[in-house]
């Protein structure tokens, strides 16, 4: 009952806000538009699991308009077609005008109206200091259970420079970027002071993040002294006005992960450990946002029972309602698939055209997996499970394999060339299929184990043939 009360208490103000009329307008024209669709992706993902993406359709004279509710200054994205993007900046109450050409959407863009000067500076800035266009080009380092990402050029400096040279390089990059903003500020006296603070903060927290990662990832190898981390004393980690800044949030996450990893790890897991650490190091909105974020990640990665105490403490104690929603959403999502929860029924056709439902196998242990022919790890796992199916010592285990292939033909062709025992089903629509939604499949390969009572079983911590076979054989 207590959890139900907490859920209702926090969801009410969020629901009311969702019904409010939009307070910010982005409109414009796309001359010579080939596509008639344009999408606005706002920057409020850090505090809401609700609508962040808005679609508009161009009218007969290629005009579009968005009127959306935003609560704080933020960087957002306009997407035209599949792979063309413009970074924009908006504040509550802006009346931003965006005009461009369909043939050269990003380069031909011009800005006017309330918020226009901010975005003209932003455009000039990105032209002089272009960002990596695809996240797949970014380099990753896993440190202390968290992935840190950097651009290829920064990665090249990290892997080739000593700490003194790297420090100098990063300072020069930061100073050049800030000089660009300073030069344009003089040309646009109508620019928003809030925008200037945000863009300068983005630059400074990007610098701090790169400095942190170098010391964290290459400190031992390159003999980085403890004094190197003195840079962090100049970096503010409790600024309520910057919680909407992506670079600020990224640095806070990276810094807290680093501090936990270098400190005393006495907690049950690193998510709870960082949650507890945030009580000492963070305050205000920054603390509430970080606790929401770390608990959401912890609920995703950890057993529900482990996370229940900090979850209850946070949702009953936070003063910032907007950060409760992601945690509540993840909790109810996790609870739906928690050990002992009933698995949702589904009905699909097998490779012979027969109708198959999960409920057909009541009283049996079910190994259920989601895969596709275009996913190499999935094909490897199918081979692994074929071995398990021939080695398992009991005959009341059913292996069900659901394909998310783009076409039924691809699915059939693959199975015709492979020996994979079990029941093979095809989910038309791939990730949009109803069965995918029911089981909350976000990536593949994914699998579940369901016991004879039709409820979810705790999966092994290691995804290998031995562990899965042992789990299946030990079930009653």
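Since every read-out is calculated from the coordinates, none of them should be taken as a lab result. The structure displayed is predicted, hence computed values, not measured ones. Heads up, the Cβs are rebuilt from the backbone with ideal geometry, glycines too, and the neighbour counts pull from every protein chain shown.
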On alpha carbon coordinates alone, what is the Rg over Rh value for segment 26-87, Rh being the Kirkwood radius? 0.98
Coarse-grained scattering of segment 217-293 at q = 0.14, 0.15, 0.19 Å⁻¹, given as base-10 log I(q)/I(0) from a Debye sum over alpha-carbon atoms: -0.50, -0.57, -0.87
Roughly how far apart, in whole Å, are the Cα centres of segment 333-383 and segment 239-289? 37
Stretched out fully, how many nm does the piece from residue 39 to residue 442 gain, at 0.36 nm a residue minus the Cα gap? 142.9 nm
How long is the gain from residue 279 to residue 240 if the chain were fully straight, where each residue apart is worth 0.36 nm and the alpha carbon distance is subtracted? 12.5 nm
Please give the contour-minus-distance gain from residue 65 to residue 197: 0.36 nm per residue of separation, less the Cα-Cα distance, rounded to one decimal in nm. 44.8 nm
Counting only Cα, what are the radius of gyration and maximum Cα-Cα distance Dmax of segment 347-474, in Å? 13.7, 37
DSSP-defined beta bridges in the chain - what % are antiparallel, rounded to 5: 70
Could you check the simple spin-label distance between residue 188 and residue 351, using points 7 Å along Cα→Cβ, in nm with one decimal? 5.9
Return the distance in nm (one decimal) between the two label points of a simple spin-label model at residue 432 and residue 364, each offset 7 Å from Cα along Cα→Cβ. 3.2
So what's the back-of-envelope 222 nm ellipticity for the chain, counting only DSSP H runs of four-plus at -39500 (n - 2.57) apiece and dividing by all residues, rounded to 500? -14000 deg cm²/dmol
What list of whole percents do you get for P(r) of segment 125-184, with Cα-Cα distances grouped in 5 Å bins up to the one holding the largest distance? 4, 15, 20, 22, 21, 13, 4, 1, 0
Which of the peptides 286-292, 414-420, 140-146, 328-334 is most tightly packed, and how do the rest follow, judged by the mean count of other Cβ atoms within 10 Å per residue? 286-292, 328-334, 140-146, 414-420
Estimated Rh, the chain: Kirkwood, alpha-carbon pairs, angstrom: 25.6
